[in-house]
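All remarks here apply to the structure that follows.
The values are calculated or read from the model by the stated rules, or taken from the named source; none is laboratory data. Given the structure is predicted, the values throughout are model-derived calculations rather than measurements. So basically every Cβ, Gly included, is an ideal-geometry build from the backbone, and we count neighbours across all protein chains shown. Accessible surface areas use protein heavy atoms only, side chains included; no ligands, DNA or RNA. Shrake-Rupley method; radii C 1.70, N 1.55, O 1.52, S 1.80 Å.
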Amino acid sequence: MFLLQVVARHAARPWTRAFASESSSSFPPATGVYQVFDRAAKRKQRDRAVSRDAGVGSRTVDYVRDEVADRMMERLLDIRRKFDTIVDLGSGPGHFSKLLEPEKTRKILMIDSSETTLNRDQDEEFEVEVERVHADEENLLDVLPRNSQEAIVSCLSLHWVNDLPGVLVQIKEALKPDGLFLGAMFGGDTLFELRTALQLAEVDREGGISPHISPMTDTKDISNLLSRAGFTLLTVDIDEVRVGYPSMWELLEDLRDMGESNAVVGRRHFLHRDTLAAASAIYKELHGNEDGSIPATFQIIYMIGWKPEPNQPKPLERGSAQTNLKDVL
């Protein structure tokens, strides 16, 4: 289904390409946290993606986030609890929030660093009451009091956070005891086909490599990060969304319209046309489908954690079992 949607989208588009990366005029202010991502550049990229063509391109490339939001909603529906308010952190225009129904919550609080993206869609598209807050996800406790929220969700926004451990701690602190955190973020194998194609082309044509796809969290680290942040009753699982494109050019164009262009601090702001052409050929040669299209893999890490509360279920102590496993087997 994804392949048909993406091919149809690009069949009607003129063959125009922009090769320069977006950049900001200044770097974010120095803090105690090592700055991997240029948050100012990322905010501008997302603002421009929504502003371009009156948001038509931005809406057309909602397919990845909409699919992940659907899969997140399946996990939320497994939790038999109704919440008064759910916070959607890094909400974008509300991919997840639009799926919420009055049977699950009364109100959704959407928080995003891109004001243009946050206000892209009208309130009439939501089934529950909506409140929007323009704020930086990295400074969550500036807008949410401690111990104030029943549930916080995040759908594909945490991969651009510089201090992921710190943000997870802030999420836990903002939750009430026995509060829920449900999240989804891109994993380390996301766009591995594009990453390898660009690296091989750059080595061949320019004699070295530079970062063009942001570093992402490895799946095996998420459980440790959640545990260190103070969450309990953890659930972490991995899934993939594979999308087919006519060629690498359409993939790059869709990433731009998603607001997912490169925002690594110290990135190169230009790629030579012959390097990109070589990368496109390498991509198709190494990963191409039989029908001439190319696949793009988005690895998704889903996570659930709860803020500790004295009455929560707890695992039994080691050695307290009443039945010998040998007798069962």
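Observations
- For Cα extents along the principal axes in Å, the candidate list reads (i) 50, 45, 36; (ii) 66, 54, 43; (iii) 66, 50, 37; the entry that matches the value derived from this model is (ii).
- Solvent-accessible area of the range 247-329 (1.4 angstrom probe, protein heavy atoms only): carbon and sulfur portion equals 55 percent.
- In this Cβ point-charge picture (+1 for Lys and Arg, -1 for Asp and Glu), the chain has a dipole of about 520 debye about its Cα centre.
- Built amide H within the under 5 Å cut-off of LEU175, gap 5+: ASN147, SER148, GLN149
- Partners for LYS104 among aspartates and glutamates (Cα-Cα distance below 16 Å; same-chain residues under 8 apart left out): ASP70, GLU74, ASP78, ASP84, ASP88, GLU127, GLU129, GLU150
- Rolling a 1.4 Å probe over the heavy atoms of the protein chains gives the chain an accessible area of 49 Å² per residue.
- FRET efficiency, 1/(1 + (r/R0)^6) with R0 45 Å, evaluated for LEU234 and ARG273 via beta carbons: 0.45
- Close amide H pairs (under 5 Å, H built 1.01 Å from N) link ILE294 with TYR245, SER247, ASN289, residues at least 5 positions away or on another chain.
- In straight-distance terms, cross-link reach from LYS42 covers every one of the aspartates and glutamates whose alpha-carbon lies under 17 Å from its own, apart from those fewer than eight places away in the same chain; here that gives GLU22, ASP112, GLU115, ASP136, GLU137, GLU138, ASP163, GLU253, ASP254, ASP257, GLU260.
- Under 28 Å from LYS326, Cα to Cα: lysines that are on another chain or at least 8 residues apart: LYS314
- Integer Hz, Karplus 6.51/-1.76/1.60 couplings in order for the range 121-137, x for Gly and Pro: 10, 6, 4, 5, 7, 10, 8, 10, 4, 10, 10, 10, 10, 8, 7, 7, 4
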